[in-house]
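This is the structure I have questions about; it appears just below.
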Amino acid sequence: LTNRFFDNWFISAGYGAQVYFGDEDNHDNFGRRLGTALDISLGKWITPSVGVRMQYSGLQVLGCTNGKSSYSEAYEEPNWYEEKFRTMNLHADFLWNISNAISGYKEDRFWNLVPFVGFGWGRSWTDKETYDNEIVSNVGLLNNLRITKWLDINLEAKMTIVNDRFDKVVKEEKFESLVALTAGITYKFPVRTFKRAS
């Protein structure tokens, strides 16, 4: 049975790392390219298998460029510069709880696997008042681990597709990606369950 509008809402937060895959970033050591990532989400399960959410994601991106750009800073080696900028992504996602869809709704299931797709508005910027705004798309996988009836641990892997100019380095590729891994918690507001139709 479909619940009321104010039922089955949740709020979540996660923290982790993200890596930008730009035109020249692979020149730098992978570990040095790890930036910090933050996720804050508000969503609702419409049915046990289908949900929607709004999410803020972003924080910091690290990389390198072959030559100075608007987002590059310290000198590294001949013709190579350290790249550093901030990101923000406000997006809407469609959630599909594949565990409930395939195995049937189970209120106390420990692990729920939730693929998602979405789109939104992305922004990159620095303190130098240099910025870029783009329409972005997202695809990812959310793992919800049930701790109590009102609390989950969430593990999320997400890829954001952006325009090539997002990092102020424009080459031959049309699109680049930002991959993030975060871990956090989800609080589920009451009513938290669904009733089966008789």
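Residues of region 114-149 with the amide nitrogen closer than 16 Å to a label point 7 Å from the Cα of VAL179, along Cα-to-Cβ, please.
Output list for this probe position: 138-142.
Which aspartates and glutamates have a Cα less than 14 Å from the Cα of LYS195, not counting those fewer than 8 places away in the same chain?
ASP7, GLU107, ASP108
The list (1) 17.6; (2) 18.0; (3) 18.9 gives values of Kirkwood radius over Cα pairs in Å, and only one came from this structure; which label was calculated from it?
Checked against the structure: label (2).
Now, a different point. Could you give the size of the charge dipole of the chain about its Cα centre, using +1 on the Cβ of each K and R and -1 on the Cβ of each D and E, expressed in debye and rounded to the nearest 20? Before the final figure, lay out the partial values.
Working: 23 positive and 25 negative charges, 301 e Å.
Around 1440 debye, computed over the chain.
How far apart, in nm, are the 7 Å Cα→Cβ label points at PHE6 and ASN133?
Distance between label points: 3.4 nm.
Hey, any idea what % of the chain's accessible area is carbon plus sulfur with a 1.4 Å probe? Don't skip to the answer; put the middle values down first.
Working: 6630 of 10740 Å².
Carbon with sulfur: 62 percent of the solvent-accessible area.
Same structure again: If you count only protein heavy atoms with a 1.4 Å probe, what accessible area per residue comes out for region 1-160, rounded to a whole Å²?
Numbers: 8220 Å² over 160 residues.
I get 51 Å² per residue for region 1-160.
In addition: Here is the link list: LYS84/LYS171; LYS84/LYS174; LYS128/LYS158. Which ones come out longer than 26 Å on Cα distance?
With Cα atoms farther than 26 Å apart: LYS128/LYS158.
With charges set only on the Cβ (+1 for Lys and Arg, -1 for Asp and Glu), what does the dipole of region 111-184 come to about its Cα centre, in debye to the nearest 20?
Values: 9 positive and 11 negative charges, 64 e Å.
Charge dipole of region 111-184: 300 debye, to the nearest 20.
Between region 120-198 and region 45-71, how many Å separate their Cα centres?
Taking the Cα centre of each part, region 120-198 and region 45-71 sit 5 Å apart.
The values are calculated or read from the model by the stated rules, or taken from the named source; none is laboratory data. This is a predicted model, so every value here is computed, not measured. Here the Cβ is made from the backbone with ideal geometry for all residues, glycine too, and neighbour counts use every protein chain on show. Only protein heavy atoms, including side chains, enter the accessible area calculation; ligands, DNA and RNA are left aside. Shrake-Rupley method; radii C 1.70, N 1.55, O 1.52, S 1.80 Å.
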